[in-house]
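Okay, structure first, notes after.
What follows draws every value from the coordinates through simple rules; no lab data is involved. Small disclaimer: the values here were computed from a predicted structure and weren't measured. Glycine gets a Cβ as well: all are built from the backbone with ideal geometry, and neighbour counts include every protein chain shown.
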Amino acid sequence: MRQNECVSFTSSPELDQIRPVLADARELAHEALIDAAEGGVGDYLGVTSEDDTAATHRFLAELQGYRGWQWAVVVAAPDGADVATISEIVLLPGPDAIVAPGWLPWEERIRPGDLGPGDLLPPRHQDPRLVPGYVATGDPAVDDVAYELGLGRTQVTSREGRLDAAERWHDGDFGPDSETAKAAPSTCGLCGFYLPIAGSLSAAFGVCGNEYAADGRVVHAEYGCGAHSDTELPTGAGSPQFDPYDDAALDVTERAPTPEAGTETAAPTEAVAPTETVAETESAPQDAQSTN
């Protein structure tokens, strides 16, 4: 058995196929395990056959940090032997054991978002996403620049690299299948803030130029959001206090009641008095001259 192999054991179906000398070696396996493990041995889990001359007895491992692991004690008995002997004792992870994740090469451990300020991440050796600048990529917008000797980039995105990027963008948060896009009133391809990118991907992707939406993000033409340039609020959804004033609108007020005939009117207001006073003041000099 390999040291880190997860195993799942069943006892009863195979018990009849195991030679009795191997199946009856349970106590022998338990005593050998107690001596070798010096504790941490739990309940008996069963026995399985390795071949005609060997079988494995299993016990639960009660060790801190090894939840779900099992002790495996292999016993052996050649053909014709009446007594089994201990062949191997090993600690193995069970089907519900906590095990370390599988090993990955360091260049495959980097994930999107891991790169921070000051970090350097060179491309992989012979990265399939890149091709030399003098190799045709199938994208006229790229090839026209790449073939300008001395002016083109040393490497450009290959067809495989463009297809990988297109698939990520299509399936990402700004693709047509996102929840935001499904609830949007229209699509980015019809939005005034949509800035198409150059090259072969321009038919399906662009950059959002709306600072209140997906600003600066690559969006699919079929993506959409509530900040579309043609979005209109429903009637009555705004606030009268902050809506712009409409000069064409007329303010309608109730007309003051008209007094009925025969009803005494109010006395002249005091506003008339200043007028009479002004008239008397203006005639005063004339009276003074006539007196003289």
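Taking amide hydrogens as placed 1.01 Å from N in the peptide plane, the amide H of residue 88 sits under 5 Å from those of 74, each at least 5 positions away in sequence or on another chain. In sequence order, region 166-179 has phi-based couplings of 4, 5, 5, 5, 5, 8, x, 5, 10, x, x, 9, 6, 5 Hz under the Karplus curve 6.51 cos²θ - 1.76 cosθ + 1.60, θ = phi - 60°, and Gly or Pro positions carry x.
With neighbour counts taken as other beta-carbon atoms within 10 Å, the residues 103, 69 rank, fewest first, as 103, 69. Close amide-amide hydrogen proximity is noted between residue 156 and 131, 133, each under 5 Å apart and 5 or more residues distant or on a separate chain (H modeled in the peptide plane; Pro and chain starts excluded). Taking amide H atoms as placed 1.01 Å from N in the peptide plane, the amide H of residue 217 lies under 5 Å from those of 208, each 5 or more residues away in sequence or on another chain.
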